[in-house]
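Contents: one structure, followed by commentary.
The values are calculated or read from the model by the stated rules, or taken from the named source; none is laboratory data. None of the values given here were measured: they were computed from a predicted structure. Here the Cβ positions follow ideal geometry from the backbone for every residue, glycine too, while neighbour counts run over all protein chains shown. Surface areas here come from the heavy atoms of the whole protein model, side chains and all, with no ligands, DNA or RNA. Shrake-Rupley method; radii C 1.70, N 1.55, O 1.52, S 1.80 Å.
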Amino acid sequence: MGVARIAVLASGGGSNLQALIDRIAALGAGAPAEIALVISDRRAAGALERATRAGIPTAYVPASAPEGALEAALVDAQIDLIALAGYLRYIPVPVVQRFHARMVNIHPSLLPAFGGAGMHGMHVHRAVLAAGATESGATVHFVDEVFDRGPIAAQGRVPVLAGDDADTLAARVLTLEHRLFPWAVLALARGALALTDDGRVQGARLDLTLDSPLSD
Ligand code: GRF
């Protein structure tokens, strides 16, 4: 697809967006993708500020926007791939269908554990600690109609340490996310990562840690 045009959808601070911006900048002319649009449902989202600072076009699409507004913004910007990075809204089915195999999400746990409705942000890390898990991690998965359920594209692990609280665990997982997310999005753009017609993931990386080499 040449240089893929990516839309990043984010509701929050946008540190994963920033990791992708930085990785693409580091690759320079060799980057397989550009971020063509950042969309948020929250006007005050740090992600929008980060995009503006990087010279990336933004769109604010609140929950109250007319049906079809999100899809129209994506189509207008000629988006090839969608990356969800802390986007807290349900993705309308027509968008899921249009971007089948071309949309990924990052989730801060070892899916399928600690995923699904209500499992986002600190809720995830608190649940991991409450369950007494000895490890956690992050997962990038293809998006289908059910929250956090789509085929897994990349996964990495971090230990849960004695004395962790939700903040310290979240910070460790986020460090991993900042490696996992750019890798997965750019691998998808290069075609090194793909969802086949029969629903299998090609090129998945399921073994990452904070130290494992991750070249793209
Ligand atoms: C990350 O933990 C991501 O996994 C989750 O939301 C958080 C977003 O963080 N889906 P940021 O906005 O990228 O800093």
Quiz item: Taking the range 57-98 as the region of interest, how many residues are out of contact with any Asp or Glu (no Cβ under 9 Å at 6 or more places or on another chain), closer than 15 Å to Gly150 by Cβ and surrounded by 15 or more Cβ atoms within 10 Å (Cβ to Cβ)?
Solution: 4
Quiz item: Mind checking whether some residue in the range 196-211 is open to solvent by 30 Å² or more (accessible area, probe 1.4 Å), touching a residue at least 24 places away in the same chain (Cβ under 8 Å), hydrophobic (A, V, I, L, M, F, W, C) and part of a loop (DSSP other than H, G, I, E, B)?
Solution: yes
Quiz prompt | Residues located in the range 1-37, provided they are within 15 Å of the ligand (Cβ to nearest atom), farther than 21 Å from Arg98 by Cα and assigned to a loop (DSSP other than H, G, I, E, B) | solution = Ser11, Gly12, Gly13, Gly14
Quiz item: Can you name every residue in the range 38-59 that is of a type outside the set (A, V, I, L, M, F, W, C) and away from the ligand (no atom under 16 Å from the Cβ)?
Solution: Gly55, Pro57
Quiz item: Across the range 95-115, which residue is nearest to the ligand (Cβ to nearest atom) among those that are of a type outside the set (Val, Ile, Thr) and in contact with a helix residue (DSSP H, G or I) (Cβ under 6 Å, 6 or more places away or on another chain)?
Solution: Pro108
Exercise. Could you identify the single residue in Gly118, Gly137 that is within 11 Å of the ligand (Cβ to nearest atom) and more than 18 Å from Gly203 (Cα to Cα)?
Key: Gly137
Quiz item: Among Ala162, Ala154, Ala133, which is surrounded by fewer than 23 Cβ atoms within 10 Å (Cβ to Cβ), over 15 Å from Ala19 (Cα atoms) and in contact (Cβ under 8 Å) with a residue 24 or more places away in the chain?
Solution: Ala133
